[in-house]
Every structure is written in structure tokens, then in C-alpha cells.
Amino acid sequence: MLTIRRAAPDDAQAIGAVFDAAVREGWKYLGELAARPMFPPQEWDEEVAKHAPPNALLVATNEADRLIGFVAVHPPEGEMYLLFVHPDHAGRGVGRALLEAAHEILRSAGCREAYLYTHEQNERAIAVYEAAGYRRDGTVRESEFRGVHQREPRLVKTLS
């Protein structure tokens, strides 16, 4: 059984733990940077706080009420901002359920389109988004994160 709900302040550290586990597994292309936590605990507290309405941070919990994934959306912009599933639960529909919940929040806010950026090397995430109807629109954001240059294609989906 999977439950999706808005994040509460006491979810912050479990969200950080899911992020760290997912990054260790999925972002190996970042080398040593992905092997250790990227953000201190207080940043996860701040992340939950800054996703108060109109933004949303949703969490997925399993039948044992263990947090196994999360997604963030910014309805004013139509942006999907974070989607991570603990690797022990990958491939079981958690990401798809979180995506659909995020899309519903965006639709409810009047968004007709959703967009997101993801690392160009993150082939698994790109495949998941494309399977959900996202398409590259040709925009690429370039950034620097802790000394690592990143190219992030923008993916867009029409919300019906």
C-alpha cells in the first residue's frame, strides 16, 4: 500500500535520507560527490518549510509508514522540482504515483504544462520522464555544483 501526502516538518530528515540513498545509486556519474551526503540536516528542514503553499512537497510512504520517495512542485511556475525514490523501492510505481500526484497539484493550480530540469547524464530519470509523456524542448540549463559542471535539459509535458 502506497500513501502520498504533503510533507510535514518531521519528515525532513527522512526526505534527506531518501535523497542521499537515491543519489548514491543514481548519480554515480558525479563520482565521490555522490558518495556522501550533499546537504546538512538543517537544509532539509528548510526545504520542507519553503514548500508551504502555493508550493508543495509530497511524500510517498509504504505500508509500514516509512518514507520511500518525494516530489516537489512549484505551481506558480509549473515546475516539477525534485523527484526521488529510495533505490530499495525503485521500479515499483512509486515515481509514477508521485508524478501523477504532482501533476494533479499543478492542474488544480491552473497549469496547462509542467516542466523540469534533470542532469543530462541521468539516463534513468530521463527515461522515466519520457515514459510519462515529457519531451525535451531544446532548452539546456548549465550550472556548477560543488565544482562539477552540469548540463540539464528541460523536459516539458502538456497536462490534460
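What's the total number of residues in the range 35-56 that are touching a Gly at 6+ places or on another chain (Cβ under 8 Å) and either farther than 25 Å from Glu77 by Cα or not in a helix (DSSP H, G or I) (or both)?
Selection size over the range 35-56: 3.
Exactly one condition in (1) touching a residue at least 40 places away in the same chain (Cβ under 8 Å); (2) loosely packed, with under 15 Cβ neighbours inside 10 Å is not met by Gly110; state its number.
Of the numbered conditions (1) touching a residue at least 40 places away in the same chain (Cβ under 8 Å); (2) loosely packed, with under 15 Cβ neighbours inside 10 Å, the odd one out for Gly110 is (1).
Considering the range 133-160 alone, what residues qualify as being farther than 14 Å from Glu79 by Cα and part of a loop (DSSP other than H, G, I, E, B)?
Within the range 133-160, Gly133, Arg146, Gly147, Ser160 qualify.
For Gln121, state whether it is part of a loop (DSSP other than H, G, I, E, B) and modelled with pLDDT under 95.
On the way: part of a loop (DSSP other than H, G, I, E, B): yes; modelled with pLDDT under 95: yes.
Yes: the conditions hold for Gln121.
Working carefully through the options Ala52, Ala60, Ala125, find the one that is small (Gly, Ala, Ser), buried (at least 16 other Cβ atoms within 10 Å of the Cβ) and farther than 21 Å from Leu155 by Cα.
Among Ala52, Ala60, Ala125, only Ala60 is small (Gly, Ala, Ser), buried (at least 16 other Cβ atoms within 10 Å of the Cβ) and farther than 21 Å from Leu155 by Cα.
Out of (1) among the aliphatic types (A, V, I, L, M); (2) assigned to a strand (DSSP E or B); (3) farther than 13 Å from Arg5 by Cα, what's the single condition that is false for Ile68?
Among (1) among the aliphatic types (A, V, I, L, M); (2) assigned to a strand (DSSP E or B); (3) farther than 13 Å from Arg5 by Cα, Ile68 violates only (3).
Do we have Thr158 as among the hydroxyl-bearing types (Ser, Thr, Tyr), in contact (Cβ under 8 Å) with a residue 40 or more places away in the chain and more than 18 Å from Ala56 (Cβ to Cβ) here?
yes
Can you report the number of residues in the range 100-122 which are under 15 Å from Thr158 (Cβ atoms) and touching a helix residue (DSSP H, G or I) at 6+ places or on another chain (Cβ under 8 Å)?
Within the range 100-122, residues that are under 15 Å from Thr158 (Cβ atoms) and touching a helix residue (DSSP H, G or I) at 6+ places or on another chain (Cβ under 8 Å) number 2.
Going through the range 21-33 one residue at a time, which ones are under 11 Å from Asn122 (Cβ atoms) and assigned to a helix (DSSP H, G or I)?
Ala22, Val23, Gly26, Lys28, Tyr29, Leu30
Of all residues being within 13 Å of the chain's Cα centre (by Cα) and either of a type in the set (Gly, Ala, Ser) or more than 19 Å from Ala22 (Cβ to Cβ) (or both) in the range 65-89, which is surrounded by the most Cβ atoms within 10 Å (Cβ to Cβ)? Just the residue, please.
Our first condition is that a residue be within 13 Å of the chain's Cα centre (by Cα); within the range 65-89, this holds for 68-74, 79-86.
Filter once more, keeping what is either of a type in the set (Gly, Ala, Ser) or more than 19 Å from Ala22 (Cβ to Cβ) (or both): 69, 72, 74, 79.
Details: Gly69: 25, Ala72: 22, His74: 18, Glu79: 18.
Selected residue: Gly69.
Please work out which one of (1) of a type outside the set (Asp, Glu); (2) in contact with a strand residue (DSSP E or B) (Cβ under 9 Å, 6 or more places away or on another chain); (3) modelled with pLDDT of 95 or more is the condition Gly110 fails and give its number.
So the condition that Gly110 fails would be (2).
Looking at the structure I just gave you, is Ala72 modelled with pLDDT of 95 or more and touching a His at 6+ places or on another chain (Cβ under 9 Å)?
The answer is yes for Ala72.
The values are calculated or read from the model by the stated rules, or taken from the named source; none is laboratory data. The model shown is predicted, which means the values in this text are computed figures rather than measured ones. We place every Cβ from the backbone using ideal geometry, glycine too, and count neighbours over all the protein chains shown.
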